[in-house]
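A quick write-up on the structure given underneath.
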Amino acid sequence: MSEVTDPRQVVLVSSREEMDVMGKKKLKDNIITLAWHMPVSFNPNLYAIAIGKTRFSCEIIKKSKVFVVNFMPFSLKEAAVFCGTKSGMHIDKFKEAGLGKEDCRNVDCPRIKEALAYIECKVVDEVDAGDHIIFIGQVLNSEFKKSGKRLLQMGRGFTTSAD
Ligand SMILES: Cc1cc2nc3c(=O)[nH]c(=O)nc-3n(C[C@H](O)[C@H](O)[C@H](O)COP(=O)(O)O)c2cc1C
């Protein structure tokens with residue numbers, strides 16, 4: 001169906017939670033690449049993301065109930081591919097993808113320094129949608145940092161915006 005729906009803006013969703021990894025408790029900061037996301041309400045201000053049930057990020061966000069949607073520049077395409085093809089269970093995607101970390105203002109979760117814009121969200125609802133969970137987040141803080149060419153998914157590849 002992607003030939004019908006693409007191009008779609010690609011975002012990186014960051015999350016944080018203490019997780020059980022091979023029997024040990026570890027504070028995990030993770031990043032997942034997503035093309036399925038959208039605003040869903042003005043008042044209250046809500047933003048939804050769809051995450052596959054098998055993703056490590058799904059487990060993290062189910063527990064932490066917070067996430068950050070980071071809008072990325074086209075120039076960081078390789079980082080998006082990395083975060084979109086590896087599980088964060090045993091690796092630190094911030095480190096491996098060379099992405100910087102910033103503390104959020106209103107949620108206990110890291111955001112990505114290189115993002116052009118971001119939205120900090122607290123989960124207010126979860127919808128079981130087939131093989132994905134739709135997390136509906138209340139927007140607690142958002143910022144447009146700078147303009148730049150956005151990263152868009154186009155079939156199996158990528159394209160970009162005019163500016
Ligand atoms: C361009 C692109 C878009 C993607 N969109 C989604 C998406 O909308 N939802 C999803 O669950 N996975 C999506 N993925 C796949 C996940 O990013 C991928 O499975 C990732 O490795 C999961 O990481 P995690 O297990 O650390 O959470 C996408 C991957 C790419 C490369």
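What the table shows:
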item	result
Boolean, Gly148 is under 16 Å from Ser15 (Cα atoms) and either away from the ligand (no atom under 13 Å from the Cβ) or of a type in the set (Phe, Trp, Tyr) (or both)	no
Residues (within 11 Å of the ligand (Cβ to nearest atom), in contact with a Phe, Trp or Tyr (Cβ under 9 Å, 6 or more places away or on another chain) and within 21 Å of Cys121 (Cβ to Cβ)) located in segment 68-82	Ala80
Residues satisfying the stated conditions in segment 51-65, i.e. within 22 Å of Leu140 (Cα to Cα) and open to solvent by less than 20 Å² (accessible area, probe 1.4 Å)	Ile51, Ser57, Cys58, Ile60, Ile61
Complete set of residues in segment 112-126 that are open to solvent by 30 Å² or more (accessible area, probe 1.4 Å) and closer than 20 Å to Glu78 by Cα	Lys113, Glu114
Of all residues making up segment 18-48, the number that are of a type outside the set (Gly, Ala, Ser), surrounded by 16 or more Cβ atoms within 10 Å (Cβ to Cβ) and within 16 Å of the ligand (Cβ to nearest atom)	11
Residues satisfying the stated conditions in segment 141-163, i.e. in a strand (DSSP E or B) and closer than 22 Å to Arg105 by Cβ	Asn141, Ser142, Glu143, Phe144
Members of segment 127-140 found to be surrounded by fewer than 15 Cβ atoms within 10 Å (Cβ to Cβ) and part of a strand (DSSP E or B), listed by number	Val127, Asp128, Ala129
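The values are calculated or read from the model by the stated rules, or taken from the named source; none is laboratory data. Here the structure is a predicted model, which is why all the values come from computation and not from measurement. Note that we place each Cβ from the backbone using ideal geometry, even for glycine, and neighbour counts take in every protein chain shown. With ligands, DNA and RNA removed, areas are computed over all heavy atoms of the protein, side chains included. Shrake-Rupley method; radii C 1.70, N 1.55, O 1.52, S 1.80 Å.
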